[in-house]
Structure formats: structure tokens, C-alpha cells
């Protein structure tokens, strides 16, 4: 966004290398850089989310992910895959599984 279009509370965060974007009703801060990639004619744009800009609190930084959250995501994917296999291939699995 252009600096003139931003509200007063978001203007101090708009600097060189940073971009403020309106997402829904919130303003979000992103760090923008570019790197040269061998074989491409143009640089690759890298955008990193920094946090949300609040009118009262200022910048609210993003929360870092914990290992417990990462394990939860893996568990959800595992459940999803197992559920998919059971729903779509239950008959084949029951035929090929050894009897216990």
C-alpha cells in the first residue's frame, strides 16, 4: 500500500524493505527481500510475515511454532491418511491383513 493510503497508526511501520497490507479489517506487516536465483532472468521475491498492526497495541508479532504444535500437525496428517485408506480401501485391507 502507498504510505498516503495508510492510517496514522500504521504509517511508522512502512519503511524500506517492509510492506503493510490490509487483510480483511487488519493491517499486516511483511518483510520483503529479493534474491538472485541462478538460471532465472529475474530475482525471486521473498516475503516474510512479521505480525499484525493494532491501533491500540501497535505491532503484535507472530507467535513462533512450538514442537508440540508441529507434532499435532503430523498427527492430523497421519489420522487423515489412515482415515482415507480405511474408507476407500477397507475391503482390500481386510482381505490382505493377516488374521490375529
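The values are calculated or read from the model by the stated rules, or taken from the named source; none is laboratory data. Predicted model, so just to flag it, every value in this text is computed and none were measured. Quick reminder, even Gly has a Cβ in these numbers, built from the backbone with ideal geometry, and neighbours come from all protein chains shown.
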- line: Per the filter on the stretch 32-53, residues surrounded by 11 or more Cβ atoms within 10 Å (Cβ to Cβ) and over 16 Å from the mean Cα position of the chain (by Cα) are 33, 34, 43, 53
- request: Output the residues belonging to the stretch 84-100 that are at pLDDT 70 or above and assigned to a loop (DSSP other than H, G, I, E, B).
  value: 97
- prompt: Quick check, is residue 65 within 18 Å of the chain's Cα centre (by Cα) and in contact (Cβ under 8 Å) with a residue 12 or more places away in the chain?
  reply: no
Condition met for residue 19 (modelled with pLDDT of 85 or more, surrounded by 10 or more Cβ atoms within 10 Å (Cβ to Cβ) and under 17 Å from the mean Cα position of the chain (by Cα)): yes
